[in-house]
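Structure first, then comments.
Read the figures in this text as sums done on the coordinates, not as results from a lab. Computed from a prediction, not measured in an experiment: that's the story for all the values here. So basically every Cβ, Gly included, is an ideal-geometry build from the backbone, and we count neighbours across all protein chains shown.
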Amino acid sequence: MSENEDLFTYDEDDAVKYILNVLPQELKEKYSHDDIVYITDVVYDYYEQKGLFNEDAGDEVELDEDDIIDYARKCAHKDGMKIDDEDMPFLVRGELDYEESLGVF
């Protein structure tokens, strides 16, 4: 990933709109804008922790969606976020789909 190129196309508000658009209806009403921003931040933190923004990461990055979901669950519990474990895959998948639509990874 070219950090300079791809991160500038990432827009947090667009990400939230995108994620809300792909969530099941019952989750759209359950989580706030701030909850979804939290998820986008946690996914970004995961990437940083795994060194995916390093120049040495290479062009092709393989993401482990289950590992990202587990990481997001642990962070949400630690931070006292009111995000249900069974909803986390939908929220993380929405973020990953948004990134994919931008060609980030």
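Placing pseudo-labels 7 Å out from each Cα toward the beta carbon at HIS33 and LYS50 gives an inter-label distance of 2.9 nm.
For the pair ASP84 and ASP41, a Förster radius of 22 Å applied to the C-beta separation gives a FRET efficiency near 0.75, rounded to the nearest 0.05. Extending 7 Å from Cα along the Cβ direction at ASP70 and again at LYS17 yields two label points whose distance is 3.6 nm.
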